[in-house]
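Below is one structure, written out as structure tokens; comments come after it.
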Amino acid sequence: MSGTSSFGVDILDTAETIFYRPGDTTRMGLEVELTGLSPEQVAKEVQSKLGGRIEESFDITKTNITGHDAQGLPIYGTMKTPIFVLKGSKIGDLVLKPDYNQITDSFDAEEAKKSVVTEIVTTPIRMAEVEKLQETLTHLKSKGAIGTTPQVAVATQVNVEWMGGGENQGNWKPADLVNLMRSYTRPEHRAQIDPHLQVPANRAPYLELFSKGFMKKLLDPSYKPTFRQFYDDYIYRQSLEHRGVKDAWTMPVEEARKKLISMGDEAIVPQVVKQNPIRISSLLMHLFPKDHMSKLYDASGWAKARPLIEFREWNNDFTCVPQAKQALGLVEGAKRYGYYDHDKLLASISTMDQKAIQDLRESVNRSGRNGKSVFRYYLGDPKTVDRSDYQEQSKSYKVGNIGFLPYGEHGQAPVKIPGESVVFHRRPMHRFSVEGKYNPGLINHNISQAMENKYVEALFWQKYAPGTMPETKSLGSFEESRKPQQLVERLNRDYPKGWVLKGAWDLGSEKDIITEKTDIVGELKKYDPVAFEKRRQQLLKKYQGYGDVAPEYLQSELKKDPGYKGWRLSKLLEDPELVMVQKKVPIRREFRVEVVSGKVLGGGSTVDRFKYMYEIGADGLKMKDYRAPSAEDFKKVEAFAQKAVNRLPPELRGMPYGMDIAILENGKMAMIESNPGGNS
């Protein structure tokens, strides 16, 4: 997979893809800052996309402090600021105005106008309107608008209305607010957010985390404040700490209030009231509008009482839908899961092992926005890796990341790999455990799953591409099917050049197949049902507690028992309707041919089916004895596979296949298996 839209499987991805509830009706106010176009130009371009009428007016913007009133509140200088209001647009009224950022005593109005930032401010809107705004932002970019750069400190901010904007105030819980802030500031989560957002250094001073004392409180699981206590800790004690008061967190709260209020204008600490990645001062003012600090913030213009949480950290890349979903998802995640650890939670929800999630994120972060990363997952419990084919195959595939999914379970919601990602699902049910942007294994997955029954697979190809596979019949169609000696005689008569017996649900037979050369009667005589079953139960008991053991692994262990072939034959003959007989074909060489979206992949993807046995030294084979097929052989099998796929109806061509195509001794070709879906 290759990541292009974001940087990994992190808390923001999860907020957007899992926590966010499609159809969420929570309202949001969006603020999008940009340069390159004046407020008037932006107003006209936005109108061209969203309609409405433009009304020009003026606002009085506060500048530097010029004095104080009788109550000690500051008096500010002012300047006249032109603003444009787009009335009656498709998403409601919008304000388009210059933004001069923070006002200080050294504020120079004329200088500020030279580097003005244009800000688009919506009224509270819902997700449907956010999607319409997205089209407008794309249009503005095409007209020369400039977003965040290392030289331009502008942002996209999402103001999420908290708990219905106060309509359900009785249902508000302090824990929901505290847990939201925990989820956004927890160190492990910040280590995921920072690489994802890549905020440039010029914006960092406006996005400082909270004070050390407040963070200590916030990240303590035993911290369960009331709203009043939270207001005092956040506003009073944190502000005092920023102002250098050493006993800010130990003095009585009444003393803390008096001490901060006595500081006058110095009581306003930007890192508390506004300059945070997540701003809650407006919400706290809404909860306690009569508090002295709420009034001071309001009078200064630093904040207004509003029932909202402001997420301030996103760069302006002229997108707004992902940011809105992430903001809503973060709020929902805190309500639903409380004080959570992202990686542990995602592992629980998806059933993907936690280390795989972390490795995958690190790999995507390393490869960068346009990089590529390969991830392979195995079925089973990671504790059994040294007893499975994991080690051998991982050497052969040389993949960068290995993960595990349980054989018989699936998740509640999938890990969604970001960017231009492709996921081949080994089991269709694991669409609830992992997904990419593209999921070829899920195309007609119900049909490909049915075709895991090898007899169904044979009938499929007999119907749509007759002659592609060797002649196939059900063992149940032979009246001698339950009489071993008579059955062998009948098969030898009907198939004088040889036959192959396969269970409809067989897997991983490799070269261990049952043919006319197999001593069926002799193997059945060697088979001791009691001893073999005891051995099988010992294996199951040995790995009890490791989760489901993948059947491929259990089978590889059972093959070591001398009674294995007799046991397998007895199981086949017990239910002949689930066994098929194929006319044996003389195979000279066998190839694995990959087919995706109706096309043979080619380009080196076709491989010698059994080369890996030389590579890993199976059955004593050595790589020095290996003889590679010719280039012409590769071309022939790829052309044969493509011709077979082309004979399918268009609606059935999209399924991926890992076909086993054989070149026969006479030069002809045959499909041995098609291996539909991602289970190749």
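Please tell me if Tyr390 is at pLDDT below 80, open to solvent by less than 30 Å² (accessible area, probe 1.4 Å), more than 17 Å from the chain's Cα centre (by Cα) and under 27 Å from Gln354 (Cα atoms).
Answer is no for this residue.
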I'm trying to understand the selection: among the residues of region 480-501, which are surrounded by fewer than 16 Cβ atoms within 10 Å (Cβ to Cβ) and in contact (Cβ under 8 Å) with a residue 40 or more places away in the chain?
Arg482, Lys497, Gly498
Mind listing whichever residues of region 461-479 are part of a helix (DSSP H, G or I) and either in contact (Cβ under 8 Å) with a residue 24 or more places away in the chain or in contact with a strand residue (DSSP E or B) (Cβ under 8 Å, 6 or more places away or on another chain) (or both)?
Trp461, Gln462, Tyr464, Leu475, Gly476
In this structure, is Gln271 touching a helix residue (DSSP H, G or I) at 6+ places or on another chain (Cβ under 8 Å) and at pLDDT below 95?
yes
In region 405-420, the residues that are open to solvent by less than 10 Å² (accessible area, probe 1.4 Å) and assigned to a strand (DSSP E or B)
Leu405, Val415
Give the residue that is nearest to Gly467 (Cα to Cα), with candidates limited to residues of region 634-680 that are of a type in the set (Ser, Thr, Tyr) and surrounded by 23 or more Cβ atoms within 10 Å (Cβ to Cβ).
Ser674
How do the pairs read when you match residues in region 527-555 that are more than 20 Å from Arg427 (Cβ to Cβ) and aliphatic (A, V, I, L, M) with residues anywhere that are modelled with pLDDT of 70 or more and part of a loop (DSSP other than H, G, I, E, B), using Cβ under 8 Å and keeping only pairs 6 or more apart or on different chains?
Ala531/Gly563
Listed by range, helices (runs of 4 or more DSSP H) wholly within region 134-248 having at least 1 residues that are within 29 Å of the chain's Cα centre (by Cα), over 30 Å from Pro39 (Cβ atoms) and of a type in the set (A, V, I, L, M) are 174-185, 187-197, 212-218
At pLDDT below 85 and hydroxyl-bearing (Ser, Thr, Tyr), is that true of Ser448?
no
Single residue of Asn171, Asn159, Asn202 found to be modelled with pLDDT of 95 or more, open to solvent by 10 Å² or more (accessible area, probe 1.4 Å) and farther than 22 Å from His342 by Cα:
Asn159
Here is a list of conditions, (1) touching a helix residue (DSSP H, G or I) at 6+ places or on another chain (Cβ under 8 Å); (2) at pLDDT below 95, and Ala465 meets all of them except one; can you say which number that is?
(2)
Give just the number: which of (1) touching a residue at least 40 places away in the same chain (Cβ under 8 Å); (2) assigned to a helix (DSSP H, G or I); (3) more than 19 Å from Ser674 (Cα to Cα); (4) not aliphatic (A, V, I, L, M) does Gln642 not satisfy?
(3)
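Take the residues in region 610-633 that are assigned to a helix (DSSP H, G or I) and basic (Lys, Arg), then tell me which one is surrounded by the most Cβ atoms within 10 Å (Cβ to Cβ).
Result: Lys611.
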The one condition in (1) touching a strand residue (DSSP E or B) at 6+ places or on another chain (Cβ under 9 Å); (2) at pLDDT 95 or above; (3) open to solvent by 70 Å² or more (accessible area, probe 1.4 Å); (4) not acidic (Asp, Glu) that Thr66 fails to fulfil
(2)
Please give the number of the condition Lys383 fails out of (1) among the basic types (Lys, Arg); (2) under 27 Å from Met181 (Cβ atoms); (3) modelled with pLDDT under 90.
(2)
The correct count of residues that are buried (at least 21 other Cβ atoms within 10 Å of the Cβ) and without any contact (Cβ under 8 Å) to a residue 12 or more places away in the chain in region 243-256 is 0
Every residue in region 597-617 that is in contact with a Leu (Cβ under 8 Å, 6 or more places away or on another chain) and hydroxyl-bearing (Ser, Thr, Tyr), please.
Tyr614
Residues that are surrounded by fewer than 18 Cβ atoms within 10 Å (Cβ to Cβ) and under 36 Å from the mean Cα position of the chain (by Cα): find the helices (runs of 4 or more DSSP H) completely inside region 257-334 holding 3 or more of those.
none
Go through region 1-25 and give me each residue that's part of a loop (DSSP other than H, G, I, E, B), open to solvent by 20 Å² or more (accessible area, probe 1.4 Å), at pLDDT below 95 and hydroxyl-bearing (Ser, Thr, Tyr).
Thr4, Ser5, Thr25
Take Leu180 and tell me if it is among the hydrophobic types (A, V, I, L, M, F, W, C) and touching a Pro at 6+ places or on another chain (Cβ under 6 Å).
no
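The values are calculated or read from the model by the stated rules, or taken from the named source; none is laboratory data. Everything numeric here is computed off the predicted structure, so don't read it as measured data. Glycine also receives a Cβ, built like all others from the backbone with ideal geometry; neighbour counts cover every protein chain displayed. When the accessible area is computed, the model is the full protein with side chains, heavy atoms only, and any ligands, DNA or RNA have been set aside. Shrake-Rupley method; radii C 1.70, N 1.55, O 1.52, S 1.80 Å.
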